[in-house]
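For reference, the structure discussed in these notes is given below.
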Amino acid sequence: METSGEWLEKALVELSKKMETGLSLGLDLDREIISGESCFFGSLIKDFHYLLQNIIGLEAGKSVTEEYLRRRGHTDLSSGNAAIAPSKLQAYVKPPSGESSVAGTKKPSKTPNEASGSSYQAGPKKTGNHENRVLNDGSDPRDTHKGNQGNSKKKKSGKVVSLAEAAKGSIVFQQGKPCSCQARRHRLVSNCLSCGKIVCEQEGEGPCSFCGALVLREGSTYAGLEGTFTPLSDAEAAAEAYAKRLVDFDRNAAARTTVIDDQSDYYEFENNSWLSKEEKELLKKKQEEIEEAERLKRSKVVVTFDLVGRKVLLNEDEVSELESESRILLRPPDEREVNRIKPNPNLRVQPVFINPVPVKKPSSKQPSKSPASGLRLEITGRIAAVVSCTMATKGNTGELKTRSSVSIFIVIGLCCFFYVLGAWQRSGFGKGDRIASEITKQTDCGVLFNLNYETHHGIDDSDSPAKEFNPCDDRYIDYTPCQDQARAMTFPRESMMYRERHCPPEEEKLQCLVPAPKGYATPFPWPKSRDYVPFANAPYKSLTVEKAVQNWIQYEGNVFRFPGGGTQFPEGADAYINQLASVIPIDNGMVRTVLDTGCGVASLGAYLFKKNVLTMSFAPRDSHEAQVQFALERGVPAVIGVLGTIKMPYPSRAFDMAHCSRCLIPWGANDGIYMMEVDRVLRPGGYWVLSGPPINWRNDYKRWNRPKEEVEEEQQKIEEIAELLCWEKMQEMGEIAVWRKRANYDSCSQQDTKPTACESRYADDVWYKKMEACVTPYPETSEPNEVAGGEWKPFPERLNAAPSRISSASVPGVSVETYQDDVRLWKKHVHAYKRINNIIDSGRYRNIMDMNAGLGSFAAVIESPKLWVMNVMPTIADKDTLGIIYERGLIGIYHDWCEGFSTYPRTYDLIHANGIFSLYKNKCNAEDILLEMDRILRPEGSVIIRDEADEVIKVKKIVGGMRWNTRMVDHEDGPLISEKILFAVKRYWVAGENNTASMG
């Protein structure tokens, strides 16, 4: 006898033919469910409820249901149907296996008519109904038509889902119900653009179950919206393209940041265990040939007499011009090429350069094919003569016959004429010299011969040789005396004490010259140096790997590239600064000096130069290797420093803005002592910017992988300390919060809780002084709206205006008149400097240091976007005027020159020392100061020393053994002034060279 299950199978097949759907004799129903042997749903009524509601449909299967229940012996049909709730859903057909399920993939969507056409005819037709349309989205009307042709063994376009597969939970049977699978079990519809919820096909298109916003898939025709969407605006289209570009950038980050170090693979062969002995010898020979070629290239010297421009030009490759009698300072490489006289290609006589080495004398019988030693003349487009060793021309004997002998004789005659003219002028028999001689004879003063100025000052070093300083070992290439890593590890780690300054004792100081690394190159000119740094100058790649996805630094060939990104500004520093400028007046010159704590590679300071803002950046010398060195190589002000237990080496009320971007400083710890130190150096009315954790902790604590309670407490402490300091919270934008310091103390008089005021009224006494958990008092004001310490002036107006510290007589011995006299005096001094070194403000020198800054007038006179000056205030100076320097819109730092400066070697292009050796006389050894100057000076960098004659002569003798070329000149007011000036240039040499110290 036919069982109820067999009957049901035949009934379903017949029903499928009537309904003209994809169901056929190949219907893949679970035999256990059909036969009634399964207990999958626990009861008979649940079995039929599932079949009717999700496979067949109530109306279409009503007669089949009643007959099947009767055959199974269930007589109470009315109760059984009553237990089955009506359903709007129909049979779910799986889409073809080749159909993509990747989110964001565009698929052709059906119109409401197409959706209704593919529905079961027996079911309710609701073409506008969202649920019906989504359920039929996987099938195609053409597939349905094909399913009606042929027998059941034909390949069907869609696969009917079995109940066993449906039990896995990945099949959608009724849409519109909340689902928490996060599109892991069901296919993705889209993300809610309001709350971000991930919506799957179980929930379907429509209002978001969390916030109620409308969620649609791409290309959706939900509720008849097809063709009703407004086209995207240009801004929206650009934003969508930018978002896709960011996704692609993140996807390819690993492949893009792969470092292939070809240079190290090639040159590091000595310790390479994979090379044989013969291969090592071959590579060593190849390297020696390359070095020899470079040496020969540097030794080539060409002197050009420009008879039209009346100039003598010395064109050299990698050779210092200090050996020229007319000039002692090196021209930049780009200027060398400009000054070099280019040959005229139309002329037949072209320059020929030969090495100035002696050659063998050819025999008289055979004419020489190579030029011999002697005078060498070459003709170019301009009338010029190039003198090397030989008079020769390029070409063979036949070419000589075609040359114009008249042109050659004219040039020879002009050369001889100017040679004789120059010799006659230097001989003292010119007309002007005869007049001067007659006047001298008529005066009462006698002419003193063999006058030696130095012997009249008690110094005669003619017989005593200069002490030669040898190069240090190569391991000291990046030596920082007071931040030495080995010494730092001997100090406690609490409160970052081990990262503070710990200078060596006198017996451990190095008495040698710190070498430059092999291949060291002059940094690129600004602004190119902001984006590129030669790899050889700081050969450390750890940051390229550690910060690869944060756009800090990238290694490209033989240079590092700095894209301008950062941990908190992945879209670039420009976009981040513009966001700050919407709250802080950066664009109008009111904010000029900025303190960047934990600066990284100082990209913020680098891009603030566009806004004419000077940033003092500092970071410790820690696991982020050479980050401050990278900043200085880029041409950005930076020092090695840390917020630990010692006060920062800056005066009170110095900075217009302070900034911290993920600087990892525990601002809320130690009773807010670090925020109190920031309050000390901030001007009244100044701004403090904190970006990164814990700001916006509610949304980001999971991304930071930190407990919610921890970051909530951290921000709460910062808010409480800021309120205690009477800071006003201006705005919180995402992960950026901006506070502003009050303009005067009266603004905080109504505050309930008041902080402890510091006992010391002199807040600028900071050198090696411990931080205190107290607040630096405001300067006194007479009006409620008066800004304590003086009104802010925009830059550059504040550069030469009298600072409020002077006009209020806060600095003893400095008045407005003395300040104006100082400005005029330094204008005259700088003008005299430029007569000797006329490229001071040309951009050749980017990083400049003034070792004894005074009122900062030297920096003010040469102020230019091409350079910046680190104004150093010696801690033993008679007057502390560093606060005045900051009020002028300049930057500086306190320092004792008996110790090492907080910077890496080779970080300054020009050092100016005014009276520094007289100031430290009998305080510390002049050799130690000069060795420190040599350490921080770049190869081919310049030094200007202005001091008393005795000190200058002593310094000149010391640097005679330090590979410096020097020239001493008189004061600009004449030789009778005891103050003298020493100009010097550091020679180019690197580690491993067997050079001896250069004398004088």
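The values are calculated or read from the model by the stated rules, or taken from the named source; none is laboratory data. Keep in mind that this is a model prediction, so the values were computed, not measured. Note that we place each Cβ from the backbone using ideal geometry, even for glycine, and neighbour counts take in every protein chain shown. SASA here: full protein model, heavy atoms, side chains in, ligands and nucleic acids out. Shrake-Rupley method; radii C 1.70, N 1.55, O 1.52, S 1.80 Å.
Below are the figures for this structure:
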| read-out | value |
| --- | --- |
| Matching residues in region 913-930 - criterion: being among the charged types (D, E, K, R) and assigned to a loop (DSSP other than H, G, I, E, B) | Lys921, Lys923 |
| Top-ranked residue of region 852-871 - restricted to ones that are farther than 16 Å from Trp826 by Cβ and in contact with a strand residue (DSSP E or B) (Cβ under 9 Å, 6 or more places away or on another chain), ranked as surrounded by the most Cβ atoms within 10 Å (Cβ to Cβ) | Met870 |
| Matching entry among Ile977, Ile958, Ile953 (being part of a helix (DSSP H, G or I), open to solvent by 20 Å² or more (accessible area, probe 1.4 Å) and among the hydrophobic types (A, V, I, L, M, F, W, C)) | Ile958 |
| Test: residue in region 680-688 that is touching a Leu at 6+ places or on another chain (Cβ under 6 Å) and either surrounded by fewer than 20 Cβ atoms within 10 Å (Cβ to Cβ) or more than 21 Å from Val583 (Cα to Cα) (or both) | no |
| Scan of region 551-568 for residues that are β-branched (Val, Ile, Thr), open to solvent by 20 Å² or more (accessible area, probe 1.4 Å) and closer than 17 Å to Phe524 by Cα, ordered by number | Val559 |
| Residue that is aliphatic (A, V, I, L, M) and within 14 Å of Ser942 (Cβ to Cβ), where the choices are Leu882, Leu867, Leu855 | Leu867 |
| Residue identified as in contact (Cβ under 8 Å) with a residue 24 or more places away in the chain and touching a helix residue (DSSP H, G or I) at 6+ places or on another chain (Cβ under 6 Å) among Gly686, Gly641, Gly600 | Gly600 |
| Checking Tyr778 against (1) farther than 30 Å from Gly644 by Cβ; (2) open to solvent by less than 40 Å² (accessible area, probe 1.4 Å), the condition it does not meet | (1) |
| Asn578 vs. criteria open to solvent by 50 Å² or more (accessible area, probe 1.4 Å) and in the same structural domain as Pro651 (by the TED database) | yes |
| Matching residues, region 919-943, being in contact (Cβ under 8 Å) with a residue 12 or more places away in the chain and over 31 Å from the mean Cα position of the chain (by Cα) | Leu919, Tyr920, Lys921, Lys923, Cys924, Ala926, Glu927, Asp928, Ile929, Leu930 |
| Lone unmet requirement of (1) at pLDDT 50 or above; (2) under 30 Å from Lys956 (Cα atoms); (3) open to solvent by less than 50 Å² (accessible area, probe 1.4 Å) for Glu508 | (3) |
| Qualifying residues in region 728-755 (those that are in contact (Cβ under 8 Å) with a residue 40 or more places away in the chain, within 20 Å of Ile584 (Cβ to Cβ) and touching a helix residue (DSSP H, G or I) at 6+ places or on another chain (Cβ under 8 Å)) - the one most open to solvent (accessible area, probe 1.4 Å) | Arg742 |
| Identity of the residue in region 583-597, in contact (Cβ under 8 Å) with a residue 60 or more places away in the chain and farther than 23 Å from Ser652 by Cβ, that ends up most open to solvent (accessible area, probe 1.4 Å) | Asn588 |
